[in-house]
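**Q** Here you go, one structure.
The values are calculated or read from the model by the stated rules, or taken from the named source; none is laboratory data. Being a predicted model, the structure only gives us computed values, none of them experimental. Here the Cβ is made from the backbone with ideal geometry for all residues, glycine too, and neighbour counts use every protein chain on show. Protein only, heavy atoms only, side chains kept; ligands, DNA and RNA dropped before computing areas. Shrake-Rupley method; radii C 1.70, N 1.55, O 1.52, S 1.80 Å.
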Amino acid sequence: MAKLTTEELLDQFKELTLLELSEFVKAFEETFEVTAAAPVAVAAAGAPAAAAEAAEEQDEFDVILEGAGDKKIQVIKVVREVVSGLGLKEAKDLVEGAPKPILEKVAKEAAEAAKEKLEAAGAKITVK
């Protein structure tokens, strides 16, 4: 088998559904004993200066589900789409337990995209 380039691999991944891609990520994590989760940064003793800089320009946002509205089933479907690896029961519990954070410490673009999708489904969303 010929070695695939990064570009060829990305083209192959683009053809997968989200469910297939989620299954691939799980298998990859198990095979290579790694995790695809973002690492958590540990605060250092000089955190006040960093906090002042972060207050000036926020680059991490939380998407919080305030309520599902009257289209709860649609909101559950979109929550499963936005939050990878979430099962039906977990998504339902999350939606019914509102207000709850859906995504934490994500980029502004990802937060806005999730907000648009969830609001289109009928949910009430807050981005902090």
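**Q** Scan the range 12-31 residue by residue and report those that are of a type in the set (A, V, I, L, M), touching a residue at least 24 places away in the same chain (Cβ under 8 Å) and open to solvent by less than 100 Å² (accessible area, probe 1.4 Å).
**A** Answer for the range 12-31, where residues must be of a type in the set (A, V, I, L, M), touching a residue at least 24 places away in the same chain (Cβ under 8 Å) and open to solvent by less than 100 Å² (accessible area, probe 1.4 Å): just Val25.
**Q** Same structure, new question: Can you tell me which residue among Leu4, Leu16, Leu10, Leu65 is assigned to a helix (DSSP H, G or I) and modelled with pLDDT of 80 or more?
**A** Details: Leu4 fails: assigned to a helix (DSSP H, G or I); Leu16 fails: assigned to a helix (DSSP H, G or I); Leu65 fails: assigned to a helix (DSSP H, G or I).
Within the list Leu4, Leu16, Leu10, Leu65, the selection yields Leu10.
**Q** For a quick check of your reading of the model, give me the residue pairs whose first member lies in the range 81-92 and is closer than 15 Å to Glu20 by Cα, whose second is open to solvent by 100 Å² or more (accessible area, probe 1.4 Å) and in a loop (DSSP other than H, G, I, E, B), with beta-carbon atoms closer than 7 Å and at least 6 apart or on different chains.
**A** none
**Q** Considering only the range 117-128, state which residues are assigned to a helix (DSSP H, G or I) and open to solvent by 50 Å² or more (accessible area, probe 1.4 Å).
**A** Across the range 117-128, the qualifying residues are Lys117, Glu119, Ala120.
Per-residue answers, yes or no, for (1) over 17 Å from the mean Cα position of the chain (by Cα); (2) under 26 Å from Glu29 (Cβ atoms); (3) in a helix (DSSP H, G or I):
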residue: Asp70; (1), (2), (3): yes, no, no
residue: Val95; (1), (2), (3): no, no, yes
residue: Glu104; (1), (2), (3): no, yes, no
residue: Lys115; (1), (2), (3): no, no, yes
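**Q** Can you tell me which residue in the range 84-116 is nearest to Lys71 (Cα to Cα), limited to those that are open to solvent by 70 Å² or more (accessible area, probe 1.4 Å) and of a type in the set (Lys, Arg)?
**A** Lys92
**Q** While we're here: Test Ala44 against the criterion of being touching a helix residue (DSSP H, G or I) at 6+ places or on another chain (Cβ under 9 Å), surrounded by 13 or more Cβ atoms within 10 Å (Cβ to Cβ) and either modelled with pLDDT under 85 or under 19 Å from Val127 (Cα atoms) (or both), and give yes or no.
**A** no
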